[in-house]
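Notes follow once the structure below has been shown.
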Amino acid sequence: MRIAGAKHRKGRRGWLIVGVCLGVLFVLGAGTAYAAYRYDASTAVEILPGVTVAGIDVSGMTHEEAVREVRERAEETLYSNLTISAAGRTWTVTPASLGMTADVEAVVARAFAVADEMSFVDRVYHRLRDVPVEVTLDLHFTSDPAGVQAFVQQVSDEVALPAVNARFALVEAELVTRRSEAGRELQTKLGVQRVLRALEDRAGDVAVPVRTVEPEVPTASLGQTIVVDVSENRLWLYEGLKAVKEYQVATGTASYPTPVGTFEIIEKRENPTWYNPDPDGWGADLPASIGPGPGNPLGTRAMYLSAPGIRIHGTWTSSSIGTAASHGCIRMHIADSEELYPLVELGARVIVKP
């Protein structure tokens with residue numbers, strides 16, 4: 001019986017030892033787990049090893065440290081020079097001045113989120129053993145189309161040149177002539193697209209296209225103009241802006257002045273018949289009409305102006321040329337009228353200046 005009791009006590013002692021060992025192991029395991037938890041919690045304010053943002057190794061950095069480093073890297077792009085050229089001029093700006101931004105806070109948040117996406121054991125393993133997680137994150141930049149549009153519009157306003165129309169006119173009793181000139185304007189929509197693409201590509205320069213604006217009235221469209229200077233009693237025929245013929249003429253008297261203004265040739269007649277325009281006035285002693293021939297007051301050629309009763313015509317009274325002698329018409333030597341007549345087109349502009 002003593003032998004059996006001894007064996008029983010010995011068995012109970014063995015289980016006690018096992019229990020103590022298991023308890024020790026449990027305590028050790030729990031302590032290790034608690035220590036690991038405390039370690040994970042204490043290092044959660046740091047980015048896991050092996051995380052790179054925009055080429056910067058942010059391993060072990062706090063939020064403040066990572067933001068500072070990444071922001072400095074972002075500013076290298078945001079404040080770099082971008083040269084924009086158009087119409088022979090250049091402007092140097094920065095992406096930031098055009099409204100570009102970098103989402104630094106978001107990418108740093110993604111760097112910290114790498115740890116949240118891993119299990120507790122993996123996080124502790126990478127942190128405790130300093131094993132890189134090999135995660136690379138890009139820093140995203142956002143362009144501002146409205147800011148680019150505003151700048152391109154500013155450039156457009158600075159380089160724009162309006163087209164200049166050709167002109168041949170009487171302005172306040174003075175003859176004004178001007179050649180046409182092409183203008184230019186920025187291709188604004190295409191310019192905005194090119195600048196946005198340059199920002200996206202991190203380019204250092206970009207050319208904004210300009211197009212030519214043709215005048216509505218080119219010099220070539222001026223056609224013919226007859227200019228009569230009453231004060232000088234001279235007549236010029238212009239082709240465009242070039243004087244191709246010049247003649248001495250007679251114009252109206254003080255009582256019957258040649259009307260000043262801008263008119264046109266509405267009719268042309270060879271060997272015209274003259275009809276008495278004022279049978280009850282200055283033409284009272286003249287016949288109702290005079291047919292073609294040497295006595296005809298209109299000579300051999302007559303061009304009718306849109307001014308009522310006014311013509312450019314030949315005269316047999318050569319002595320009147322160079323004086324104020326007519327009843328408002330413009331007289332020419334017969335030979336001069338015959339030379340000018342075939343050169344002038346219907347619709348030609350006639351400017352009579354005082």
Checklist entry - Given the structure, is ASP201 surrounded by fewer than 15 Cβ atoms within 10 Å (Cβ to Cβ), without any contact (Cβ under 8 Å) to a residue 24 or more places away in the chain and not aliphatic (A, V, I, L, M)? => result yes
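With respect to THR300, determine if the residue is surrounded by fewer than 17 Cβ atoms within 10 Å (Cβ to Cβ) and over 30 Å from ALA173 (Cα atoms).
Spelling it out, it is not the case that THR300 is surrounded by fewer than 17 Cβ atoms within 10 Å (Cβ to Cβ) and over 30 Å from ALA173 (Cα atoms).
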Next on the checklist: Looking at the stretch 98-138 only, could you name the residues that are hydroxyl-bearing (Ser, Thr, Tyr) and free of Cβ contacts under 8 Å to residues at least 40 places away in the same chain?
Outcome noted: SER119, TYR125
Checklist entry - Has the stretch 261-269 got at least one residue that is on the phi > 0 side of the Ramachandran plot and in contact (Cβ under 8 Å) with a residue 60 or more places away in the chain? => result yes
Checklist entry - Before we move on, is THR315 surrounded by 13 or more Cβ atoms within 10 Å (Cβ to Cβ), in the same structural domain as ARG331 (by TED's automatic domain parsing), under 19 Å from PRO354 (Cα atoms) and not hydrophobic (A, V, I, L, M, F, W, C)? => result no
Next on the checklist: Looking at the stretch 316-354 only, could you name the residues that are among the polar types (S, T, N, Q) and without any contact (Cβ under 8 Å) to a residue 60 or more places away in the chain?
Outcome noted: THR317, SER318, SER319, SER337
Next on the checklist: Need pairs with beta-carbon distance below 7 Å; first residue without any contact (Cβ under 8 Å) to a residue 60 or more places away in the chain and within the stretch 145-159, second polar (S, T, N, Q) and in a helix (DSSP H, G or I); sequence gap 6+ or separate chains.
Outcome noted: VAL152/THR188; GLN153/THR188; SER156/THR188
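Restricting attention to the stretch 75-95, which residues are farther than 25 Å from ILE56 by Cβ and either of a type in the set (S, T, N, Q) or not in a loop (DSSP other than H, G, I, E, B) (or both)? It would help to see each step written out before you state the result.
Of all residues in the stretch 75-95, those farther than 25 Å from ILE56 by Cβ come to 83-93.
If the condition is that a residue be farther than 25 Å from ILE56 by Cβ and either of a type in the set (S, T, N, Q) or not in a loop (DSSP other than H, G, I, E, B) (or both), then THR83, ILE84, SER85, ALA86, ARG89, THR90, TRP91, THR92, VAL93 are the ones that fit.
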Checklist entry - What number goes with the only condition from (1) modelled with pLDDT under 95; (2) in contact with a Leu (Cβ under 6 Å, 6 or more places away or on another chain) that ILE351 does not pass? => result (1)
Item to check | Those residues of the stretch 283-297 which are surrounded by 12 or more Cβ atoms within 10 Å (Cβ to Cβ) and within 16 Å of ARG331 (Cβ to Cβ), in sequence order | outcome: ILE290, ASN296, PRO297
Checklist entry - What is the residue count in the stretch 287-315 for residues that are without any contact (Cβ under 8 Å) to a residue 40 or more places away in the chain, out of contact with any helix residue (DSSP H, G or I) (no Cβ under 9 Å at 6 or more places or on another chain) and among the polar types (S, T, N, Q)? => result 2
Next on the checklist: So if I check each of PRO277, PRO297, which one is touching a Phe, Trp or Tyr at 6+ places or on another chain (Cβ under 6 Å), part of a loop (DSSP other than H, G, I, E, B) and not aromatic (Phe, Trp, Tyr)?
Outcome noted: PRO297
Checklist entry - Just for strands (runs of 3 or more DSSP E) wholly inside the stretch 314-354: which have at least 1 residues that are closer than 21 Å to PHE168 by Cβ? => result 330-333, 349-353
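Scan GLU345, GLU339, GLU270 and give me the residue that is touching a helix residue (DSSP H, G or I) at 6+ places or on another chain (Cβ under 9 Å), surrounded by fewer than 16 Cβ atoms within 10 Å (Cβ to Cβ) and not assigned by TED's automatic domain parsing to the domain that holds ALA173.
Numbers: GLU345 fails: touching a helix residue (DSSP H, G or I) at 6+ places or on another chain (Cβ under 9 Å); GLU339 fails: touching a helix residue (DSSP H, G or I) at 6+ places or on another chain (Cβ under 9 Å).
When all the criteria are applied, what remains is GLU270.
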Checklist entry - Does VAL135 satisfy the condition of being in the same structural domain as THR77 (by TED's automatic domain parsing) and either out of contact with any Phe, Trp or Tyr (no Cβ under 8 Å at 6 or more places or on another chain) or not aromatic (Phe, Trp, Tyr) (or both)? => result yes
Item to check | Residue, nearest to the chain's Cα centre (by Cα), within the stretch 53-92, restricted to residues that are β-branched (Val, Ile, Thr) and within 17 Å of PHE141 (Cα to Cα) | outcome: THR77
Checklist entry - So which of GLN149, GLN224, GLN153 ends up being touching a helix residue (DSSP H, G or I) at 6+ places or on another chain (Cβ under 9 Å), among the polar types (S, T, N, Q) and within 30 Å of GLU345 (Cβ to Cβ)? => result GLN224
Checklist entry - Within the stretch 121-133, can one find any residue that is surrounded by fewer than 18 Cβ atoms within 10 Å (Cβ to Cβ) and within 31 Å of the chain's Cα centre (by Cα)? => result no
Next on the checklist: Checking ALA86 against (1) exposed (fewer than 14 other Cβ atoms within 10 Å of the Cβ); (2) modelled with pLDDT of 95 or more; (3) aliphatic (A, V, I, L, M), only one condition comes out false. Which one?
Outcome noted: (1)
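The values are calculated or read from the model by the stated rules, or taken from the named source; none is laboratory data. Note that this is a predicted model, so its numbers are computed, not measured. FYI the Cβ positions are ideal-geometry reconstructions off the backbone, even for glycines, and counts take in every protein chain you see.
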